[in-house]
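Read-outs throughout are calculated quantities, based only on the coordinates presented, and are distinct from any laboratory measurement. For clarity, every value in this text was computed on a predicted model and none was experimentally measured. Counting neighbours? That spans all protein chains shown, and the Cβs are built from the backbone with ideal geometry, glycine included.
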Amino acid sequence: MVLQTDIRHIGGSTLEVSAVGVGTWQWGDTSIWQYGQSYGTQDVDDAFKASLEAGINFFDTAEVYGRGLSETLLGKAARKANSPVVIATKYAPLPMRLKPAEVEKALEASLNRLGLSSVDLYQVHWPYSLIQQEDLMVALSGAVKLGKAKAVGVSNYNAAQLERAANLLEKYGVKLASNQVQYSLLHRKPEKNGVLEACRRLNVSLIAYSPLAQGLLTGKYSGQGATEVSGLRRFMPNFRTKGLAKIEPLIKELKSIAAEREKTPAQVALNWLLSRDKLVLVIPGAKNAKQATQNAGALGWQLTEREFARLDKASAAI
Ligand SMILES: NC(=O)c1ccc[n+]([C@@H]2O[C@H](COP(=O)([O-])OP(=O)(O)OC[C@H]3O[C@@H](n4cnc5c(N)ncnc54)[C@H](OP(=O)(O)O)[C@@H]3O)[C@@H](O)[C@H]2O)c1
């Protein structure tokens, strides 16, 4: 457990962000991947404003989210904002992308949608690419050298892939800033598969995606008055009766600590991640102002060692 700090650097870069950011995957996404409560563009605009008001300055998007709509909505909101924001987007190594020049083209298209001349953090969305890793890293370093990206990162890379990406970038004079992977109290693989350790060794931020386990760790799907599971979530094992029963002891512990500390289970779950390591940043998805404000409330306080250990134990038992 580490002493929590609310403002953190992204890896060894100069980018300073709130340790809680906002994931914008679902912004404007009307595809089959949309799940849960219905919401619209006004809601996501309100989520953006509420985040800024609560001291959040870090927003994560990708060219594939809502087929570019997430970038468009985020860019529009960011241009209207009266304080600076740090924007991360991602290059998708789609199978039809066969030449390194595709990276530059994709970044240009992302910048157009965002309405920006450069992006803060440009990430490779996943490691499987028909373009060789070395060529991908040359393209990323080129984006930094051309001033189109302030820092670069990867996503869904395992420890070996991460090490290789960092070494390749180093060869071209650029530092790898981050690796975005799934990490939550219900998905602790980065602690066991060497990814967190590699991030420490390389001074790379671990950007935790799905930090609320897609809403499960808010506790709203358990107990009296539980929210009905709807949409795509009905087909996810963790949201089915058996899955919900299995995680109940952890949800109970989250709710109990939340009640003692006058916090919400979501705030407790996010604070646990931030207390794990100073290199961890979290990007919970927020679809409206209420969720955004609540998630920002994971900052400004710290779990005690005992509370941290209670959650550690409850989650390890699942
Ligand atoms: N790099 C990758 O491959 C990858 C993959 C997945 C995600 N991501 C990134 O990570 C971000 C977050 O991941 P995620 O959306 O999968 O999962 P998440 O952050 O664990 O859960 C987000 C969902 O939980 C619910 N929620 C959030 N805050 C809440 C609150 N305070 N109270 C009650 N409910 C709340 C909302 O759904 P409802 O309103 O429907 O309940 C929201 O859509 C994405 O937006 C994206 O930027 C990256």
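Amide H contacts under 5 Å for L281: L206, I207, A208, restricted to partners 5 or more places along the chain or on a different chain, H placed in the peptide plane at 1.01 Å from N. Restricting attention to the chain, close to 10% of DSSP beta bridges with both partner residues there are antiparallel. By the gyration tensor of its Cα atoms, with a ≥ b ≥ c the square roots of the eigenvalues, what is the shape of segment 1-154: rounded for a/c under 1.5, prolate for a/b over b/c, or oblate? Judged from the Cα gyration tensor, segment 1-154 comes out oblate (a/c at least 1.5, b/c at or above a/b). Think of segment 7-316 as a dipole: +1 on every Lys or Arg Cβ, -1 on every Asp or Glu Cβ, centred on the Cα centre; then among L98, Q26, F308, F308 lies furthest on the positive end. Partner lysines whose Cα lies under 17 Å from the Cα of K242, excluding those fewer than 8 positions away in the same chain, are identified as K220, K252. Between L196, L94, L250, the GNM of the chain built on Cα springs shorter than 10 angstrom shows L94 fluctuating the most.
The relative contact order of the chain, computed from alpha carbon pairs under 8 Å that lie at least 6 residues apart in sequence, is 24 percent. Backbone geometry of segment 193-206 corresponds, through the Karplus equation with coefficients 6.51, -1.76 and 1.60 at θ = phi - 60°, to 3J(HN,Hα) couplings of 9, x, 5, 4, 4, 5, 4, 4, 4, 9, 6, 10, 5, 9 Hz, x marking Gly and Pro. Between amide H atoms placed 1.01 Å from N, distances below 5 Å from V119 occur with A149, K150, all of them 5 or more places distant or on a separate chain.
Mind checking the angle between helix 265-276 and the chain's longest principal axis? C-alpha axes, 0 to 90 degrees, to the nearest 10. Taking Cα atoms only, the helix is inclined about 50 degrees. Shown in residue order for segment 13-24 are the 3J(HN,Hα) couplings computed by the Karplus curve 6.51 cos²θ - 1.76 cosθ + 1.60 at θ = phi - 60°: 7, 8, 6, 10, 10, 5, 4, 9, x, 10, x, 10 Hz (x for Gly and Pro). For segment 91-104, putting each phi into the Karplus relation 6.51 cos²θ - 1.76 cosθ + 1.60 with θ = phi - 60° gives couplings of 8, 9, x, 5, x, 7, 8, 10, 10, x, 4, 4, 5, 4 Hz, in residue order, rounded to whole numbers and with x for Gly and Pro.
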